[in-house]
Amino acid sequence: MKNIKKNEYREFCLNEKNIPIFSKDWWLDSVCGTDNWDVALVKKNKQIVGSLPYYKKKKFTFQLISMPNLTQQLGPYFVYPKNQKYNQKLSFEKQIINELISQLPRFDYFNQSLHYSIENWLPFYWLGYDSTTYYSYIIDDLTNLDNVFNNLTSSYRNKIKKAQKIVKIKKGLSVEDFYEINRMTFERQNIKIPYSLEFFKKHDNYLSKHKSREIFYAVDDTNQVHSALYLTWDSNSSYVHIVGENPDLRNSGAGILAIWEAIKFTKNELLLNNFDFEGSVIEQVERVRRGFGAKQKPYFNINICKSFLLKIILHLKIILSRQ
């Protein structure tokens, strides 16, 4: 049966260039599967003015709406009327969010991280949702790369100069080789990589088809890959999507150099002014973002659990994880 809303949303994504990459229809096809996501839409005068794509899955008997793999942010997208006053903007957001949420299918649990451009989560609160604040780190002015470089910590500037004597940054590493060095990063932390090579290759195919990705890698004279960075982008920003490092070669500073080359690529090749490190609450990762002079950008993780049984299970899971 044809999904009219999804077809309308696909057309909307083609025409509305400012929709973040994580909310694009083809991105959702990639990370969710074409049948596992849907969208709520609000129209005014036959034009879409609000959208809320969502990933739906079933676990045991529970119906879940949650964040798909490799996806930083989702949430609503608004097409604001021109010349709105601030109070009208807040009223508009409340109305659209209420209408979008009313269209969601029955669920036991909802969890989405909103794009950092959404500063008002009160309409969700009034509907009974909770929120946790996360942070992304963004360099939001790449106009002058000398200024960006000087804004790095002295330690990072020195690491870049050191790495330039040890490795060269190249582009075009194979998907299989990138996946292997990405897997090493998880193994170093005693964590199983949370996606398969098959999933990642499919994801890469979508990004390649839409000309929205590049792989940077640092290689030495013996052809050893020290570090790799998978960069994605949309019309507003580039994103440090995934990184990987050989744990035995981390002292070369190649990972820092790869980020710097990706920043220059964003400015000089993509002609974009924003470089988004994507969020992390891991202290060691946060330090890297901060060391590049990136600014904190808060964004909201919105959630609600409507099943009493699932609430108990989730609380037990949190308790056990702290033991």
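Annotations
- Of all residues in the stretch 82-113, those satisfying the criterion of being touching a helix residue (DSSP H, G or I) at 6+ places or on another chain (Cβ under 7 Å), modelled with pLDDT of 95 or more and open to solvent by less than 70 Å² (accessible area, probe 1.4 Å) are Glu93, Ile97, Asn98, Asp108, Tyr109.
- Test for Asp130: is it within 20 Å of Thr266 (Cα to Cα) and out of contact with any helix residue (DSSP H, G or I) (no Cβ under 6 Å at 6 or more places or on another chain): no
- Odd one out for Leu90, checked against (1) part of a helix (DSSP H, G or I); (2) among the aliphatic types (A, V, I, L, M); (3) under 28 Å from Val240 (Cβ atoms): (3)
- Tally of residues being closer than 16 Å to Glu93 by Cα and touching a Gly at 6+ places or on another chain (Cβ under 8 Å) across the stretch 110-134: 3
- Conditions (1) of a type in the set (Lys, Arg); (2) open to solvent by 80 Å² or more (accessible area, probe 1.4 Å); (3) closer than 18 Å to Pro247 by Cα; (4) out of contact with any Pro (no Cβ under 8 Å at 6 or more places or on another chain); number of the one not met by Arg188: (4)
- Residues of the stretch 294-323 that turn out to be part of a loop (DSSP other than H, G, I, E, B) and at pLDDT below 90, as a count: 2
- Leading residue by the ranking (surrounded by the fewest Cβ atoms within 10 Å (Cβ to Cβ)) among those in the stretch 167-185 that are aliphatic (A, V, I, L, M) and more than 16 Å from His241 (Cα to Cα): Met184
- Selection of the stretch 135-157 for residues being touching a Gly at 6+ places or on another chain (Cβ under 8 Å) and open to solvent by 80 Å² or more (accessible area, probe 1.4 Å) yields Tyr135, Asn151.
- Evaluated against (1) free of Cβ contacts under 8 Å to residues at least 60 places away in the same chain; (2) surrounded by fewer than 13 Cβ atoms within 10 Å (Cβ to Cβ); (3) in a helix (DSSP H, G or I), Asp204 falls short on exactly one condition, (2).
- Scope the stretch 279-289; condition within 18 Å of the chain's Cα centre (by Cα) and either at pLDDT 75 or above or not acidic (Asp, Glu) (or both); matching residues: Gly279, Ser280, Val281, Ile282, Val285, Val288, Arg289
- Any hit, the stretch 258-280, residues being among the β-branched types (Val, Ile, Thr) and open to solvent by 20 Å² or more (accessible area, probe 1.4 Å): no
- Being under 23 Å from Asn274 (Cα atoms) and either β-branched (Val, Ile, Thr) or open to solvent by less than 20 Å² (accessible area, probe 1.4 Å) (or both) is a description that does not apply to Ser117.
- Residue in the stretch 151-158 that is at pLDDT below 95, within 22 Å of Gln296 (Cβ to Cβ) and in contact with a Pro (Cβ under 7 Å, 6 or more places away or on another chain) present: no
- Looking only at the stretch 1-49, residues that are open to solvent by 20 Å² or more (accessible area, probe 1.4 Å), assigned to a strand (DSSP E or B) and either under 26 Å from Val240 (Cβ atoms) or aromatic (Phe, Trp, Tyr) (or both) come to 0 in all.
The values are calculated or read from the model by the stated rules, or taken from the named source; none is laboratory data. What you see is a predicted model; the values in this text were computed from it and never measured. Backbone-built Cβ (ideal geometry, glycine too); neighbour counts: all protein chains shown. When the accessible area is computed, the model is the full protein with side chains, heavy atoms only, and any ligands, DNA or RNA have been set aside. Shrake-Rupley method; radii C 1.70, N 1.55, O 1.52, S 1.80 Å.
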